[in-house]
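Written out below as structure tokens is the structure these notes cover.
Computed from the coordinates by the stated procedures, all read-outs in this text should not be read as laboratory data. Here the structure is a predicted model, which means the values were calculated and not measured. Backbone-built Cβ (ideal geometry, glycine too); neighbour counts: all protein chains shown.
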Amino acid sequence: MLHTINPEILFLKQEDVIKAGLLDMKQILAVTEKTYAMLGQGLIKNPPKTNTSIPDKENWQSFFNAMPCYIGGDIDIGGIKWAAESKKNATIPGIPYGIDISILSDPETVLPFCILDGTLITAMRTSAVGGLMAKYAAPSDADTACLVGAGVIGRTMISAVHEALPQIKTMCLCDIDVAKAEGIAKEYGDSLGVEIIPTSDSKAAALKSQLIVGETTATKPFMDTSWLTPGCGLVSMHSNEVMEDVFLKADGIVADYWTQLKQHTNPLSKLTKEGKLDESQIMDLSELVLGTKKLRTSDNQFVAAASMGLGALDIMIAYQLYLNATEMGIGTKVNLWDKPLWE
């Protein structure tokens, strides 16, 4: 970007980021793929996220995650995602369960130049990573998928899997509350040319599918090896949904960003710490994107993917939306100061 000495900040509310193209999954997938390529090329600094849970990690009622990064190459920006969730919000109409914002800054003068709603970015980028992983995890002849969880991510995962794997013609959308799945299926209708089948029987749907994508908020693992069929691919977007034996059975394993994933509690970090799984067996998504490694070499293999989230991806998408918004002339401009009191 052009280095700025202007204290002007462009503020983009949620309606603005939608106008700027956030819901265009094809665009978001392209930015996602570029982000992981740049990560693999060493052009991104993405320290592990830090978490503040209230009252504590085990009994949290709300939490805040700080996710800073620097993106080099042809992007050259600094940024941070401030991500928060509150269980109380689930009982308050009109307030999302999770509320996120992103701040973009000039790396030379460190002036912020854009602040924007990041809540929907989280939903779109999470699903985009799931779609990208699914592209590598699914067998080449896959035409059926099982999506477990009909929350916000379940809604956006449908379009992500469709964009990444257009050969998928049938998707089972599973949820304990089948009415939620039915609502999303009705919302999509025939717009994608994909049959979306709502169901409450996740395991039965998984056993009919060549691709399984978990996008739940489960508090304890529930997917075990009995969910798997020969040659299927599994993508897990949550640390508490897949049992350890599933990963031990995999012929190939990929993490979205192992450097970060291994520092948090999840089946893969636990298995490596206990010596049941060697770190060398875990690939990074960036290696698949760059073509330096392959997740599967045969359609008969079972492969698994695990994701935790990458702050740099939120910032990359936020920057693309900033560029779009600037070109479209949308958003509200504010000044950080008229004249700084102390220099």
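What to note about this one:
- Cα pair count fraction exceeding 21 Å, expressed as % - region 81-174: 47 percent
- Region 4-100: C-alpha gyration tensor shape, a/c 1.5 cut-off, then a/b vs b/c: prolate
- Share of pairwise Cα separations in region 285-330, more than 16 Å, in percent: 63 percent
- Per-residue 3J(HN,Hα) values for region 167-173, derived from phi via the Karplus relation 6.51 cos²θ - 1.76 cosθ + 1.60 with θ = phi - 60°, read 6, 6, 10, 9, 10, 8, 9 Hz in sequence order (x marks Gly and Pro).
- For the chain, the relative contact order is 22 percent, taking Cα pairs closer than 8 Å that sit 6 or more residues apart in sequence and dividing their mean separation by the residue count.
- Binned Cα-Cα distance frequencies in region 202-241 - 5 Å width, integer %: 6, 26, 34, 23, 9, 1
- The angle between the Cα long axis of helix 119-137 and the longest principal axis of the Cα atoms of the chain comes to about 40 degrees, rounded to the nearest 10.
- Neighbourhood net charge (9 Å Cβ-Cβ; Lys/Arg +1, Asp/Glu -1) for ALA66: +2
- For the chain, calculated [θ]222 nm from helices alone, where every DSSP H run of n ≥ 4 adds -39500 (n - 2.57): -9500 deg cm²/dmol
- Karplus-based coupling profile of region 234-241, in residue order and whole Hz: 10, 10, 10, 9, 9, 6, 10, 10, with θ = phi - 60° in 6.51 cos²θ - 1.76 cosθ + 1.60 and x standing for Gly or Pro.
- Inter-centroid distance (Cα atoms) of region 48-121 relative to region 266-281, Å: 28 Å
- Amide H within-cut-off set for CYS232, under 5 Å, with H built and near neighbours excluded: none
- Percent of C-alpha pairs per 10 Å bin in region 247-343, short distances first: 13, 31, 21, 15, 13, 6, 1.
- Degrees, to the nearest 10: 152-164 long Cα axis against longest axis of the chain: 80 degrees
- Residues considered: PRO267, PRO107, PRO93. Largest GNM mean-square fluctuation over the chain, using C-alpha springs under 10 Å, is found at PRO93.
- C-alpha long axis of helix 178-188 to longest principal axis of the chain, angle in °: 60 degrees
- In order through region 274-286: 3J(HN,Hα) via Karplus (6.51 cos²θ - 1.76 cosθ + 1.60), integer Hz, x for Gly, Pro: 7, x, 7, 9, 8, 4, 5, 7, 9, 8, 9, 4, 4
- Here, region 132-306 is characterised by an Rg to Rh ratio of 0.95, where Rg is the alpha-carbon radius of gyration and Rh the Kirkwood radius.
- Charge tally in the Cβ shell below 14 Å around ASP117, where Lys, Arg are +1 and Asp, Glu are -1, ASP117 excluded: 0
- Rounded to the nearest 20 debye, dipole of the chain from Cβ charges on Lys, Arg, Asp, Glu: 380 debye
- Taking the average, over residues, of other Cβ atoms within 10 Å as the packing measure, peptides 9-19, 316-326, 81-91 rank 316-326, 9-19, 81-91 from highest down.
- Top of GLU33, GLU244, GLU274 by mean-square fluctuation, Gaussian network on the chain, Cα under 10 Å: GLU274
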